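Everything below concerns the one structure shown next.
The values are calculated or read from the model by the stated rules, or taken from the named source; none is laboratory data. Note that the structure is a prediction, hence the values are computed from the model and not measured. Positions of Cβ are generated from backbone atoms using ideal geometry, with glycine treated the same way; all protein chains shown enter the neighbour counts. Only protein heavy atoms, including side chains, enter the accessible area calculation; ligands, DNA and RNA are left aside. Shrake-Rupley method; radii C 1.70, N 1.55, O 1.52, S 1.80 Å.
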Amino acid sequence: DGRGARELFEAVLAADPDQMGARQGLESVRNAAIIDAERALDAGDTDRASARMALAEALSAPTAQLQALRARLRDREHAGDSVQALLAQAAAPGIDEDAALALLSRALRMDPGNAVILDARSALLSRRLRRADAALLAGDVDAAQALVTAVVAADPGHLDLPPVQGRLGEALGRRQAEQSKAFEQARADDRAGRIDDAARRYLQLREQGADAATVQAGLDRAAAAMSSRAQHEAADFNFRAAENSLAKARRWSPRSEAVASAEARLRQSRLADRRLRKPEGAAERKRAAAAVARSREAMERGEFLLPPGASAWDQLRVAMAIAPADPAVRAVQRELATRSASCFEQALAENRLRRAQECLETQLAVTPGSAGARADRRRLAERWMARAEERLGASDWPAADAAVESARRWLPGDKSVEALAARLRRARAATP
């Protein structure tokens with residue numbers, strides 16, 4: 001209006017062109033205009049920035065400074081246009097919610113303090129949280145968790161977030177408790193030999209997103225047990241049953257070594273069956289009789305399971321593969337079952353646990369579905385636990401460790417075995 005700093009300094013210079021104070025004053029005005037233009041750009045006020053730049057240019061501001069400011073002004077004006085375009089796209093009818101959120105996020109990166117963008121994003125995230133609540137009411141915890149996770153990623157400080165997170169946490173806690181109970185039931189089925197029931201529970205837990213490693217370990221055990229059953233069915237030339245058992249085992253644990261072994265055993269039994277059906281079957285029966293004789297000789301030596309290949313069980317398996325229905329083969333099978341059971345009882349009475357273990361392994365191999373198998377496994381495990389207690393008292397850590405592992409082998413997942421293992425770890429850690 002004629003009284004500004006620039007006008008007053010210029011009035012002085014008009015009266016006295018050599019007045020140095022006025023010239024320095026105009027330089028100060030120019031510098032102040034540049035500083036104010038930068039502040040205006042930071043605040044998004046493009047009109048003020050443009051006016052201040054024009055003033056600085058009129059006062060002969062350095063070209064480099066003006067070019068930098070003009071570039072920033074163009075970017076800011078372009079960003080304003082882009083923000084409006086992004087907002088329009090995000091509000092378009094029928095747009096996917098994820099796409100709208102991505103557009104709003106881009107707009108916010110261009111203009112972080114824009115209240116319109118922030119309100120639009122807040123409304124969108126609130127809708128997601130309402131859907132998360134609805135999913136929780138419907139029991140779909142995974143869907144609710146995915147929605148809440150997406151909201152946290154977009155705006156961790158959203159006002160509606162804490163109560164929904166609280167309800168989600170309660171739902172996850174309930175599911176965790178239910179899964180823990182289901183794991184216990186699956187392990188109980190596992191220990192009791194209810195293989196199909198255990199596998200069914202583990203598969204249900206996998207569908208619910210339970211701990212993948214624990215679930216797969218349970219399915220691996222079920223597959224190994226079912227593969228063992230398939231081997232016995234193949235040895236009896238019951239191929240249909242063996243195939244069914246193997247199909248289950250493959251579904252539960254496709255890469256299991258036990259499944260591969262059972263498949264090989266099934267192929268061998270099929271070959272043996274074909275050989276027996278040929279005219280030279282008499283020679284096969286002679287081989288079966290020789291294997292029966294060797295099995296009896298090994299029994300007399302007490303070599304029920306060891307050494308591999310020459311043991312009573314291995315020779316019996318050879319005979320069973322050749323002539324499973326032969327009365328002599330069946331007789332030696334019954335004899336091995338009886339002898340291994342007596343051997344187990346005697347070895348247990350004499351506290352020779354490794355011998356008892358070998359005898360029980362033989363008994364379980366010959367008669368896998370015997371009624372007393374579960375009780376015998378527990379008795380042997382309890383003896384190993386007693387051995388571990390004794391070695392723990394003597395601070396013999398390696399022997400105590402070995403005894404606990406043997407107990408765990410016969411009672412996998414048993415609480416008393418795991419409690420003893422924990423005591424052993426604590427005792428070893430407390431020893432200087």
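Annotations
- When Ile34, Ile95 are compared by accessible surface with a 1.4 Å probe, the order from highest to lowest is Ile95, Ile34.
- Aspartates and glutamates with Cα under 17 Å of Lys415, excluding same-chain neighbours fewer than 8 positions away: Glu184, Asp189, Asp190, Glu382, Glu389, Asp401, Glu405
- HN-Hα J in Hz across the stretch 25-36 - Karplus 6.51, -1.76, 1.60, θ = phi - 60°, x for Gly and Pro: x, 5, 4, 5, 4, 4, 4, 5, 5, 5, 4, 5
- GNM result for the chain, Cα springs below 10 Å: residue of Ala186, Ala153, Ala198 fluctuating most strongly: Ala153
- Checking [x] 86, 27, 22; [y] 37, 28, 20; [z] 39, 23, 21 against semi-axes √(5λ) of the Cα gyration tensor in Å calculated from these atoms, the matching label is [x].
- Extension gain, Ala134 back to Asp96 (0.36 nm per residue minus Cα-Cα distance, nm): 11.7 nm
- Springs between Cα atoms under 10 Å define the GNM used for the chain, and in it the highest mean-square fluctuation of Val366, Val141, Val83 occurs at Val83.
- Sum of -39500 (n - 2.57) over DSSP H runs of 4+, divided by residues of the chain (222 nm, nearest 500): -27500 deg cm²/dmol
- Using θ = phi - 60° and Karplus 6.51 cos²θ - 1.76 cosθ + 1.60, couplings along the stretch 237-253 (whole Hz; Gly, Pro as x): 6, 8, 5, 5, 5, 5, 5, 5, 5, 5, 4, 5, 4, 5, 5, 7, 8
- Karplus-derived HN-Hα couplings along the stretch 289-295 (A = 6.51, B = -1.76, C = 1.60, θ = phi - 60°), whole Hz, x at Gly and Pro: 4, 5, 5, 4, 4, 5, 5
- The Cβ shell under 14 Å around Ala262 holds other residues with a net charge of +3, Lys and Arg each +1, Asp and Glu each -1.
- Among Arg229, Arg72, Arg317: highest mean-square fluctuation, GNM of the chain, C-alpha pairs under 10 Å: Arg72
- Nearest-ten-degree value, helix 63-90 long axis tilted from longest Cα axis of the chain: 60 degrees
- Cα-based shape type of the stretch 137-197, given that a ≥ b ≥ c are square roots of the gyration tensor eigenvalues and the cut on a/c is 1.5: prolate
- Whole-percent carbon and sulfur share, accessible surface of the stretch 117-214, 1.4 Å: 52 percent
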